Amino acid sequence: MTLALAVDISLTLLVLAVAGWIIAVRDTFAAVIGFVAYGLLLALIWVRLAAPDVALTEAAIGGGLTGALLIGAAGRLRKTEAATRAEYPGVLIRTLAAILAVTVTAALAVGVLALPDPAPTLAPAAVASLATTGVGNPVTAVLLAFRSMDTLLEAIVVLLALLGVWSLAPDRAWGGYPGPRHHADPDGILAYLARLLPPIGIIVGLYIFWIGADLPGGKFQGATILAAMWLLVIEAGLADTPPISRTWLRVLLVTGPLVFIAIGFAGSITAGAVLAYPEGYAKPLIIAIEIALMPTLVLTLALLVAGAPQRMPPQ
Amino acid sequence: MSLVLDIFTIVAVLAGAFFFLAGTVGLLRFPDTLTRLHALTKADNLGLGLVVMGLLPQAEWPFDAIKLIAIWLFTLLAGATVGQLMALAARRGQPTP
């Protein structure tokens, strides 16, 4: 028990040290690498808190996907980084920012420490109603039955984020291919990995998606792995990103949220409330929503990393 | 029998931890990128291999054991690939994107 406590304490100190280093370090690229390590350490902490669902999401989205996005951003900013350093904010602004950040952190800490013991929880209620949904993983039941409005908005938000990225395209490239065309040595190690890994990664991604009904896992984590496999093939130059004007791409991007909304509104007729499921049909409907959301999420997450369109569409 | 297996686990995991320590010291002390990469990938390959080998007698056969071995194989693959890519970028004399 004391050994576990020692591990927990050193893990916490390590996370705090990495967080401090990310803020203190001047080089953007170094800060991004620190952020990825921070995400992985945070995932370990979630495992120690017996929250494997959150840990999987943190590792996949927080460390992996956000890390990839930030590495891309840092690469783009590299050219202008020296110029922006001259416009570094003055002492007053930095002090104000530090005071604001410390106040927020302190308020959060007070909020967490002021919770009564035991903390108020809806977990027993969620587990007690688990049987009505037909799924075995209480986290999935919360995300897709008890609080499905949050998940619906989440799926729409990532789509809006993708539209935001696309809107950065120059006029001449609108409708064209996102990101640069990658060229790697076809006999090189990257092309080799991009041929070897995707079959395994696709199975692992689909497994994590499917097992989410009963065990930790789910569509976001599975979709991240599938998106990573697709990006690997793209980065190795074995395939290209699809032009964003393609009809199949746009149809798949809106299918997930549309199916979710349609089933949600159908609930107001069949079950008496928006986003409610008629009795006995909860599990098939949840699976239908998840299957419809899966391609949307894979495409959205991968294309978010691929970036804004920058090459002309084919004539 | 279980005592022998426990001792095997302790010895193998300690040996693995030693390789991680040696790899970290190498990462900090070696003079250039290529030798530092060498130290890092050796720590991953040998260190994690020994840790996994040590944990095998404690893991449930067959699925947990196979998962452990799969994790080691994936780390080998990732370490070898990333090591090559970083070495290539270092030789071109440009920072990795």
Sorted peptide list for A:85-92, B:31-38, A:280-287, criterion being average Cβ within 10 angstrom, highest first: A:280-287, B:31-38, A:85-92
With equal scatterers on the alpha carbons only and no solvent term, can you work out the Debye log10 of I(q)/I(0) for region A:187-315 at 0.12, 0.16 1/Å? -0.57, -0.88
For region B:42-57, in residue order, the Karplus 3J(HN,Hα) values (coefficients 6.51, -1.76, 1.60; θ = phi - 60°; whole Hz; Gly and Pro = x) are 5, 4, 4, 5, 6, x, 5, x, 5, 4, 5, 4, x, 7, 3, x
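What order do you get for A:100-110, A:48-58 when each peptide is scored by the mean count of other beta carbon atoms within 10 Å, highest first?
Details: A:100-110: 10.0, A:48-58: 17.5.
My ranking of the peptides, most packed first, is A:48-58, A:100-110.
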Scaled to the compact-protein estimate 2.2 N^0.38 Å, what is the alpha-carbon radius of gyration of region A:1-153, rounded to two decimal places? 1.34
Run down the lysines and flag those whose C-alpha is under 26 Å from the C-alpha of A:Lys283, throwing out any fewer than 8 positions away in its chain. A:Lys219
Using the membrane-span-like helix rule (whole DSSP H runs, Cα extent along the own axis of at least 15 Å, mean Kyte-Doolittle hydropathy at least 1.6), which helices of chain A qualify? A:2-24, A:28-48, A:91-113, A:148-166, A:189-211, A:247-270, A:282-306
Could you state the number of Å between the C-alpha centres of region A:248-299 and region A:96-145? 25
In whole Hz, the Karplus estimates of ³J(HN,Hα) for region B:60-67 (6.51, -1.76, 1.60; θ = phi - 60°; x where Gly or Pro) are 6, 7, x, 6, 4, 5, 5, 4
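Once Rh is set to the Kirkwood radius over Cα pairs, what Stokes-Einstein translational diffusion coefficient, in µm²/s, holds for chain B at a temperature of 37 °C and a viscosity of 0.692 mPa s? Intermediate results must be reported in sequence, preceding the final value.
Numbers: Rh = 14.6 Å.
Once the numbers are plugged in, D ends up at 225 µm²/s.
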Using the 2.2 N^0.38 Å rule of thumb for compact globular proteins, work out how the protein assembly as shown stacks up: its C-alpha Rg over that value, please. 1.11
Could you tell me whether region A:1-88 comes out rounded, prolate or oblate from its Cα gyration tensor? Rule is a ≥ b ≥ c as square roots of the eigenvalues, rounded for a/c under 1.5, then prolate if a/b exceeds b/c, otherwise oblate. oblate
Excluding A:Gly237 itself, what net charge comes from residues whose Cβ is under 13 Å from its Cβ, given Lys and Arg +1 and Asp and Glu -1? -2
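Could you work out [θ]222 nm for chain A from helices alone, using -39500 (n - 2.57) per DSSP H run of at least four and dividing by all its residues? Round to the nearest 500 deg cm²/dmol. Walk me through the intermediate numbers first.
Details: 14 runs with 212 residues, N = 315.
When only DSSP H runs of four or more count, the value is -22000 deg cm²/dmol.
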Residue (of A:Phe29, A:Ile269, A:Ile291) at the positive-pole extreme of the protein assembly as shown, dipole from beta-carbon charges: A:Phe29
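Determine the calculated [θ] at 222 nm for chain B from helices alone, applying -39500 (n - 2.57) to every DSSP H run no shorter than 4 residues and normalising by the residue count; nearest 500 deg cm²/dmol.
Numbers: 4 runs with 75 residues, N = 97.
Calculated at 222 nm, the ellipticity per residue is -26500 deg cm²/dmol.
Every number here is computed from the coordinates shown, using simple stated rules; none is lab data. Keep in mind the model is a prediction, meaning the values are calculated, not measured. In this analysis, Cβ positions are derived from the backbone assuming ideal geometry, glycine residues included, and neighbour counts consider all displayed protein chains.
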